[in-house]
Structure formats: structure tokens, C-alpha cells
Amino acid sequence: MNSNGVYYIVLKSGEIYRKKFLDKNFLRERLSINVNELKKNKLEALKFFFSRVLFQGRRDELSEKVYSYVKEILEDCLQRFGKIDEKICEDKLKEIKGNKGKIRYRDIELVTETLKKFKDENIVIYSIEKIQNGHIKELYNELNDIKGIGQKTSSFFLRDLVLLFELKINKKEDAVYLQPIDTWVRKGLEVLFGIKDENDKELKRKIANICRSVEDSVKFNAGLWIIGTHPYHILNELSKNL
């Protein structure tokens, strides 16, 4: 298959990711996130953010459980006290950490630091405005400064925000900040391009250079993840349409 064919497959796989994992019904049923309220409701915005940045350093099913605990605490706090108070949330998370052991201290720091930083902001609106004004690098660094958030999860949030709202990116050099690198993206790069055993920074740069636009690079990254998780099934299915 020629390079254009491979490029097409990865982008089509990125579309599969967007339509499945960023679908309104999927987000509502799986994660209790109302996409229509993301720009209007600070709680929904926080839920979307935490549904990305809490998925790190453990199996996805455990991360989803941690996310569920955080979501329930945020909702309960808002319902009982009329606001999301970081100290109340911190105390509740510490109780769960002691009783159930699934929440780590790093998770607690991540949640409380986020609530402090975005106490008066809707994190989705704030991030979209930064992206649209060409300040992606600044936003990326801001997110990385929150305790418990790393380069992968900050890029994961930014990538999915761009995909979900179909945001336009003007500066090609910003593509590297929208490239979460995990086991499955690495697998996709290995399966299709024979690229492996390189550091995350270099892989981000290579993805950006492969792609014809920043928007393509975002979809390309999501497509690599799909191919990494379903390498043979996806390649066979998409090859039929070439």
C-alpha cells in the first residue's frame, strides 16, 4: 500500500475514534457527561477534563472507577453546598483513599489543584479561547503545572477538545502539544511506519511532520491509537474501502 493509502487509513481511524469515543450518547452513557452543557456548566466541563487527565498510570477500568468517584463527589458537593469546594472534595477523596485504596494521593492533588486554579473559570471555555487565540503552548504548560498532570494527559485533553469542537489551529508548530503518546499510539506507529524505541518528544515531532495540517495531526494521533488497539481488524476493514 502506498504512503497516501496509509495516511488515509490513519485519518479514517481517527474519524472512527471521534465518532465513537466523543459521541454525545457515548459520553453521556459511559461517563455521565452532557456535551451540550460543556460551555455552559462548570461541572460538566470539569467532568470532561477529569475524564481525560485521570486516565494515567493504571488500567483503564481502574481509572474509570477513580473518575466515577471524583464525578460523584463533585456532583454531591454542588448539590449539598451549592458550590464545588476544593477542601470538601479533598476531604471526601481522602476518605475514599483510606477506605477503598483505588485513589492515589496524586489523584487527590490533581483534583484539588485543578479546582483551585479554575475556581472562577469554566475550564472548557478557558481552554477553547486559549486555543483559538493561538496560545496552545501556554495552555499546555499551564495544565502541566497542575500537580498530578503529565504531558500525555494534558495533550489527551487538548487533542479531544480540538476533535470534539472541530477547532482550527493556525500554527503548525502547535501540533506537538496535541499529541498524547501512549502504548497504543506507539503500537500504531510501529505497525504502520516501523517507528519504535524513541522518546515521546521525538514521536510527537514525527507525527506532526508526517501530517499535512495540524487538524490532520490531531485526527492522525487518535487514529494511531485506534490502530494500536485493533491493528489487524481496523487495517482489514479500512483497506476494503481504498
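The values are calculated or read from the model by the stated rules, or taken from the named source; none is laboratory data. Bear in mind the structure is a predicted one, so any value in this text is a computation, not a measurement. Here the Cβ positions follow ideal geometry from the backbone for every residue, glycine too, while neighbour counts run over all protein chains shown.
Can Ile84 be described as assigned to a loop (DSSP other than H, G, I, E, B) and touching a Lys or Arg at 6+ places or on another chain (Cβ under 6 Å)?
The answer is no for Ile84.
What single numbered condition from (1) crowded, with 17+ Cβ neighbours inside 10 Å; (2) out of contact with any Cys (no Cβ under 7 Å at 6 or more places or on another chain); (3) not β-branched (Val, Ile, Thr) fails to hold for Leu115?
Condition not satisfied by Leu115: (2).
Any residue in the stretch 109-131 that is over 25 Å from Asn34 (Cβ atoms) and either modelled with pLDDT under 95 or not β-branched (Val, Ile, Thr) (or both)? Spell out the reasoning first.
If we filter the stretch 109-131 for residues that are over 25 Å from Asn34 (Cβ atoms), which is where we start, we get 109.
Filter again for either modelled with pLDDT under 95 or not β-branched (Val, Ile, Thr) (or both), leaving 109.
Yes - at least one qualifying residue is present in the stretch 109-131.
For the stretch 1-30, give me the residue count where each residue is assigned to a loop (DSSP other than H, G, I, E, B) and free of Cβ contacts under 8 Å to residues at least 40 places away in the same chain.
From the stretch 1-30, those assigned to a loop (DSSP other than H, G, I, E, B) are 1-2, 22-23; that's our starting set.
Retained after the next criterion (residues that are free of Cβ contacts under 8 Å to residues at least 40 places away in the same chain): 2, 23.
Result for the stretch 1-30: 2.
Matching residues to (1) over 21 Å from Leu22 (Cα atoms); (2) crowded, with 18+ Cβ neighbours inside 10 Å:
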{"position": "Lys171", "(1), (2)": "yes, no"}
{"position": "Asp174", "(1), (2)": "yes, yes"}
{"position": "Tyr177", "(1), (2)": "no, yes"}
{"position": "Trp184", "(1), (2)": "no, no"}
{"position": "Asp197", "(1), (2)": "yes, no"}
{"position": "Lys204", "(1), (2)": "yes, yes"}
{"position": "Asn209", "(1), (2)": "yes, no"}
{"position": "Phe220", "(1), (2)": "no, yes"}
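Every residue, every condition in (1) more than 18 Å from Gly228 (Cα to Cα); (2) of a type in the set (Asp, Glu); (3) modelled with pLDDT of 90 or more; (4) surrounded by fewer than 17 Cβ atoms within 10 Å (Cβ to Cβ), yes or no:
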{"site": "Leu27", "(1), (2), (3), (4)": "yes, no, yes, no"}
{"site": "Ala45", "(1), (2), (3), (4)": "yes, no, yes, no"}
{"site": "Arg52", "(1), (2), (3), (4)": "yes, no, yes, no"}
{"site": "Glu72", "(1), (2), (3), (4)": "yes, yes, yes, yes"}
{"site": "Ile84", "(1), (2), (3), (4)": "yes, no, yes, no"}
{"site": "Asn99", "(1), (2), (3), (4)": "yes, no, no, yes"}
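In this structure, does Ile33 turn out to be modelled with pLDDT of 95 or more, farther than 15 Å from Phe118 by Cα, touching a Leu at 6+ places or on another chain (Cβ under 8 Å) and not in a helix (DSSP H, G or I)? Give the steps one after another, and end with the answer.
Numbers: modelled with pLDDT of 95 or more: yes; farther than 15 Å from Phe118 by Cα: yes; touching a Leu at 6+ places or on another chain (Cβ under 8 Å): yes; not in a helix (DSSP H, G or I): yes.
Taking the combined requirement at face value, the residue satisfies it.
Looking at Gly148, is it at positive phi and crowded, with 18+ Cβ neighbours inside 10 Å? If you could, list the steps in order and put the result at the bottom.
On the way: at positive phi: yes; crowded, with 18+ Cβ neighbours inside 10 Å: yes.
So Gly148 fits the description; yes.
Going by the structure shown, is Leu93 under 24 Å from Phe26 (Cβ atoms) and in a helix (DSSP H, G or I)?
On the way: under 24 Å from Phe26 (Cβ atoms): no; in a helix (DSSP H, G or I): yes.
So Leu93 does not fit the description; no.
Quick grid of which residues meet (1) basic (Lys, Arg); (2) touching a Ser or Thr at 6+ places or on another chain (Cβ under 6 Å):
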{"position": "Leu43", "(1), (2)": "no, no"}
{"position": "Gln56", "(1), (2)": "no, yes"}
{"position": "Asp60", "(1), (2)": "no, no"}
{"position": "Lys87", "(1), (2)": "yes, no"}
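Going through Lys168, Lys187, Lys147 one at a time, which residue ends up being farther than 28 Å from Thr112 by Cα, in contact with an Asp or Glu (Cβ under 8 Å, 6 or more places away or on another chain) and at pLDDT below 95?
Values: Lys187 fails: in contact with an Asp or Glu (Cβ under 8 Å, 6 or more places away or on another chain); Lys147 fails: farther than 28 Å from Thr112 by Cα.
Among Lys168, Lys187, Lys147, only Lys168 is farther than 28 Å from Thr112 by Cα, in contact with an Asp or Glu (Cβ under 8 Å, 6 or more places away or on another chain) and at pLDDT below 95.
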